[in-house]
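The values are calculated or read from the model by the stated rules, or taken from the named source; none is laboratory data. This is a predicted model, so every value here is computed, not measured. Glycine gets a Cβ as well: all are built from the backbone with ideal geometry, and neighbour counts include every protein chain shown. Note: accessible area is taken over every heavy atom of the protein model, side chains too, but ligands, DNA and RNA are not part of it. Shrake-Rupley method; radii C 1.70, N 1.55, O 1.52, S 1.80 Å.
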Amino acid sequence: MLFAWEAEPQSALGRWAKRLLAALIFGGLFLLPFFGWLAAEPTPYSDPAGHFTLTPPEGWSTDDSGHMGPGLVAKGPANASGIEPLLHLTHEAAGIVPLDVRWQTLLGQLRYDNERVRFLAIAEHPEAAPPYAQSVYLFQRGGQSYQALIRLVLAKGRFYQMAFAVPEEEFDLLYPTLVAAFDSLRAGKQ
């Protein structure tokens with residue numbers, strides 16, 4: 001036979017090693033999407049005093065220096081116009097004040113502080129765990145129109161107020177990301 005190939009006999013150990021290597025490669029390829037998903041999870045921020053944890057949007061920096069009150073400032077990357085989106089979370093002891101009273105006080109303060117406030121949506125969720133109220137509104141500042149999202153949460157004896165505002169035309173793009181960040185708030189040590 002001119003074209004007969006004679007395979008060299010392989011040891012049982014060599015065949016076993018090849019099979020093991022092939023199984024590891026195929027198993028790794030199968031599990032790769034799972035580990036990619038784990039690596040993509042944003043890291044939650046934990047308040048040093050143990051009052052809350054919050055997962056800011058991925059790629060945003062956090063600042064808990066207290067220069068804007070007790071809580072957290074999360075800053076996103078600048079957009080084309082150079083504006084860096086900010087998510088601001090503050091907290092305070094609730095005492096005996098119920099959520100609805102604090103919420104109405106906050107809405108009144110927004111009307112007083114901003115030029116031409118127009119509420120687009122106001123929702124109260126006293127049945128949620130923890131209870132919260134949320135509003136989307138427009139306001140004017142320095143000739144620019146801004147759209148904002150604010151949420152007030154009552155949890156474990158504290159009010160947590162989260163606020164976010166950007167130029168009106170950028171709001172819809174960031175809204176799903178912000179709601180996910182707002183929903184990630186957990187009161188107390190986790």
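Over what distance in Å are the Cα centres of the range 157-184 and the range 105-152 separated?
11
Can you send over the solvent-accessible area of Ser65, 1.4 Å probe, protein chains only, in Å² to the nearest 10?
About 80 Å², rounded to the nearest 10.
For the range 83-97, in order, what is each residue's ³J(HN,Hα) by Karplus, 6.51 cos²θ - 1.76 cosθ + 1.60 with θ = phi - 60°, in whole Hz (x at glycine and Pro)?
7, 9, x, 10, 10, 10, 10, 10, 8, 8, 5, 7, x, 9, 6
So what is the accessible area of the range 56-190 per residue, in Å², with the probe set to 1.4 Å?
For the range 56-190, the solvent-accessible area averages 54 Å² per residue.
Which distance in nm do the two modelled labels at Lys18 and Arg141 give, with both placed 7 Å along the Cα-to-Cβ direction?
Label-label distance for Lys18 and Arg141, simple model: 6.9 nm.
Would you pull out the residues with amide H under 5 Å of Ser184's amide H, same chain only if 5 or more places away, H placed 1.01 Å from N?
The answer is Thr55.
Can you give the local net charge around Val166? Use residues other than it whose beta-carbon is closer than 13 angstrom to its beta-carbon, Lys and Arg +1, Asp and Glu -1.
-3
Could you check the simple spin-label distance between Ser65 and Glu84, using points 7 Å along Cα→Cβ, in nm with one decimal?
If labels sit at Ser65 and Glu84, their model points lie 1.0 nm apart.
What percentage of the solvent-accessible surface of the range 54-99, computed with a 1.4 Å probe over protein heavy atoms, is contributed by carbon and sulfur atoms?
Roughly 58 percent of what the probe reaches on the range 54-99 is carbon or sulfur.
Check which residues have an amide H placed less than 5 Å from Arg158's amide H, if you skip close sequence neighbours.
Ala94
Quick check: pseudo-label points 7 Å beyond the Cα along Cα→Cβ at Glu124 and Glu58, how many nm apart are they?
3.8
Considering Cα pairs under 8 angstrom that are at least six residues apart, work out the relative contact order of the range 86-175 and quote it in whole percent.
31
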